[in-house]
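Here the structure comes first, spelled out in structure tokens, and everything after it is commentary.
The values are calculated or read from the model by the stated rules, or taken from the named source; none is laboratory data. All values derive from a computational prediction rather than experimental measurement. Note that each Cβ is placed from the backbone with ideal geometry, even for glycine, and that neighbours are counted across all protein chains shown.
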Amino acid sequence: MVVLILLQGVTLPLSIYLSKLAIESVGTGGSILTLTALWALSIGINILVEPLTSLLAGAINEKLTAHVAMMLMRKADEFPDLSPFEDPAFYNEVQLLGRQATHRPLNTVTTSLYFSRDLVSVLGVLSLLGTLAWWLPLLLLSFTYPHVLRSMKLQEMSWNTLVGSQADSRAMDYFRTQMLSEAPAKEVRLFGLGAFFMSRYRNTFERLHSQMNRDRRRQAIQPVLTAMLSLLGNVSAFVWVVRESQTGRLGAGDLLVLVQALFQLQLRLSGLTTHVSLLSGHLKFFESLKGFMGRTPTVRSGPRGADFGRIEFRNVSFRYPDGREALQDVSFVIEPGAKIALVGENGAGKSTLIKLLCRFYDPTEGQILINGTDLRELALDQWRGFISAVFQDFGKYYLTVRENLALGNLELAGNDEELLEAARRSGFLDVVDRLPRGLDAMLGKPFGGTELSGGQWQKLAITRAYIRPAKLLILDEPTAALDPRAEYELYQQFTHLAQDKTVVLVTHRLASVQMADQILVLQRGRLIEQGSHPELMRQMGEYAKLYRMQAEQYKLEGVMQIDS
């Protein structure tokens, strides 16, 4: 492809020079057949190169797009912590790079090649002009240089505008999704939200459109002065050509060369300027990509091998990167095999504590000790290998049932017996049996699969947690879609099946925590009570108060009994 483009660049000065020789041969009576053949060949090369380069560009684009997408995914996978993914600036950057990756890499390659083509053409034409007057190339280049610089500056400003518009672009995507997706369709129609979301989309679009229009006007108007300066250089050269021809110092062939060269040079210099300015914009993409690839994780793996054992939170405090205080001076111990319940109202810090235990974040103050060793000193992959979890916002993967379950332990993907046994233990087997292809049924409507209910998705996630060979099992309010009775029964079954594991249960429903060895009560980021269910009931503190309030609500359903 490079050879084809460069060959195309040579044809312009070659065709001009052949035209000069053809004109001169008329006066000398020389043979024109060879010149005509060469001239036709130079034109034919241009005709053949265009479709070939388009064909190659398509293939290159697919590979480059996939390559950059893989780079972004690999880099995202390098972050063991959650802080980048909970940072809007990081998300804006990832979204921008992801969108631009579909065309910027190829455009950079093709623009570079066309720049090379035009550069070869310009150098060839300038060489022809230099044979007639040494100062002509210098004159034309000096008048064009300011236009090139200004165009590059405008491309840089355009990229900065694009970066600054990402929040609005994401908002437009969100509002459009609410109107076109299945999940919100019922509420959109029931509550008549169509006009609301379309209005929000339109207002955001108008703001973004106004911003982009300002950039486009700047792109269109500001280069005019420098372009006129470039044109002035060509006009000066043309005036000189006419005068030299009138005095007889230039022949007919020279005149043709100069007229053709000046006309083509103006076109090629304009193209060259455009390519340089576009390359400047494309390079801003790669600067951003380089900056993204250079990001370093805030959580790093420790040097020591990890062994599972006694877990101690010692005076742990944590603030999120935005400054929100989540935990304050929390201390407790989890012995191996213990069943621990974390309870408290929403925002008490329960899920934050789980994030620290999984080392998605490190404490701002204090330590998390495993058998007396700071968790930050342990090999991260080994530590996480001990953990299985069902999070409140668990993943719904549009894959087959088999693949969904095997994500907990990929080695079992082909072991139907193990997968079905795990499904039986979790109560998910009935769902599998009703699916048309069983374990090989595709899930999710986007790919023509079966859409599960919220409770069925949760049972699938719990089954996935069963399958993973873990020593620490974390349940972060995974049963929100289940009624209290179903939740209570599930936790009883779960505790029985996890007898040999350490279990940390997070919930704000207290019907399920009586089976826990120890209950930790969090309030506004502080650990205010801890003990067994009977101990906390006797203390008549916050736990007992919450428990009795919920018991009054549930007792008619027979979910739990009121303890005195």
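Would you mention how many residues in the range 298-314 are surrounded by fewer than 15 Cβ atoms within 10 Å (Cβ to Cβ) and within 25 Å of Leu522 (Cα to Cα)?
Result for the range 298-314: 1.
Please go through (1) of a type in the set (A, V, I, L, M, F, W, C); (2) within 30 Å of Ser270 (Cα to Cα); (3) not assigned by TED's automatic domain parsing to the domain that holds Ser236 for Ala171 and return the number of the only condition it doesn't satisfy.
Of (1) of a type in the set (A, V, I, L, M, F, W, C); (2) within 30 Å of Ser270 (Cα to Cα); (3) not assigned by TED's automatic domain parsing to the domain that holds Ser236, only one is false for Ala171: (2).
When you check Ala461 against the structure, is it assigned by TED's automatic domain parsing to the domain that holds Gly385, under 29 Å from Ala551 (Cβ atoms) and at pLDDT below 85, yes or no?
In short, no.
Scan the range 182-202 for residues that are at pLDDT 80 or above and outside any helix (DSSP H, G or I) and jot them down.
Gly192, Leu193, listed by residue number.
Yes or no: Thr111 assigned to a helix (DSSP H, G or I) and β-branched (Val, Ile, Thr)?
Taking the combined requirement at face value, the residue satisfies it.
For a quick check of your reading of the model, give me the residue pairs whose first member lies in the range 231-245 and is touching a residue at least 40 places away in the same chain (Cβ under 8 Å), whose second is surrounded by fewer than 15 Cβ atoms within 10 Å (Cβ to Cβ) and among the hydroxyl-bearing types (Ser, Thr, Tyr), with beta-carbon atoms closer than 8 Å and at least 6 apart or on different chains.
From residues that are touching a residue at least 40 places away in the same chain (Cβ under 8 Å), the pairs are Gly233/Ser142.
Gln166 versus (1) under 30 Å from Arg200 (Cα atoms); (2) assigned by TED's automatic domain parsing to the domain that holds Ala237: which is the lone unmet condition?
Tallying (1) under 30 Å from Arg200 (Cα atoms); (2) assigned by TED's automatic domain parsing to the domain that holds Ala237, Gln166 fails exactly one: (2).
Kindly indicate whether Leu225 is assigned to a helix (DSSP H, G or I) and modelled with pLDDT of 75 or more.
no
Quick one: in the range 322-334, which of the residues that are out of contact with any Phe, Trp or Tyr (no Cβ under 9 Å at 6 or more places or on another chain) and modelled with pLDDT under 95 is farthest from Glu529 (Cα to Cα)?
Asp322
Name the residues in the range 497-545 that are assigned to a helix (DSSP H, G or I) and surrounded by fewer than 17 Cβ atoms within 10 Å (Cβ to Cβ), would you?
Within the range 497-545, Leu497, Pro534, Glu535, Arg538, Gln539, Lys545 meet the criteria.
List the residue pairs whose Cβ atoms are under 7 Å apart, where the first residue sits in the range 263-278 and is in a helix (DSSP H, G or I), the second is small (Gly, Ala, Ser), and the two are 6 or more positions apart or on different chains.
Arg268/Ser121; Leu269/Ser230; Thr273/Ser151; Val276/Ser151; Ser277/Ser151
With respect to Leu419, determine if the residue is crowded, with 21+ Cβ neighbours inside 10 Å and free of Cβ contacts under 8 Å to residues at least 60 places away in the same chain.
yes
Need the failing condition index for Asp322 against (1) acidic (Asp, Glu); (2) closer than 30 Å to Glu93 by Cβ; (3) assigned to a strand (DSSP E or B), just the number.
Going through the list (1) acidic (Asp, Glu); (2) closer than 30 Å to Glu93 by Cβ; (3) assigned to a strand (DSSP E or B), Asp322 breaks only (3).
Take the range 301-351 and flag every residue that is touching a residue at least 40 places away in the same chain (Cβ under 8 Å) and of a type in the set (Val, Ile, Thr).
Ile311, Val316, Val330, Ile334, Ile340, Val343
Within the bounds of the range 203-222, is there any residue that is charged (D, E, K, R), touching a Lys or Arg at 6+ places or on another chain (Cβ under 9 Å) and touching a residue at least 24 places away in the same chain (Cβ under 8 Å)?
no
Within the range 143-181, restricting attention to residues that are among the hydroxyl-bearing types (Ser, Thr, Tyr) and in a helix (DSSP H, G or I), which residue is farthest from the chain's Cα centre (by Cα)?
So the residue we want is Thr144.
Report whether or not Leu113 is surrounded by fewer than 16 Cβ atoms within 10 Å (Cβ to Cβ), out of contact with any Cys (no Cβ under 6 Å at 6 or more places or on another chain) and not small (Gly, Ala, Ser).
Judged against the criteria, Leu113 is not a match.
Restricting to the range 386-426, what's the tally of residues that are among the acidic types (Asp, Glu), within 34 Å of the chain's Cα centre (by Cα) and part of a helix (DSSP H, G or I)?
Within the range 386-426, residues that are among the acidic types (Asp, Glu), within 34 Å of the chain's Cα centre (by Cα) and part of a helix (DSSP H, G or I) number 2.
Considering only the range 293-301, I want to know if a residue exists there that is farther than 30 Å from Gln100 by Cβ and either at pLDDT below 85 or assigned to a loop (DSSP other than H, G, I, E, B) (or both).
yes
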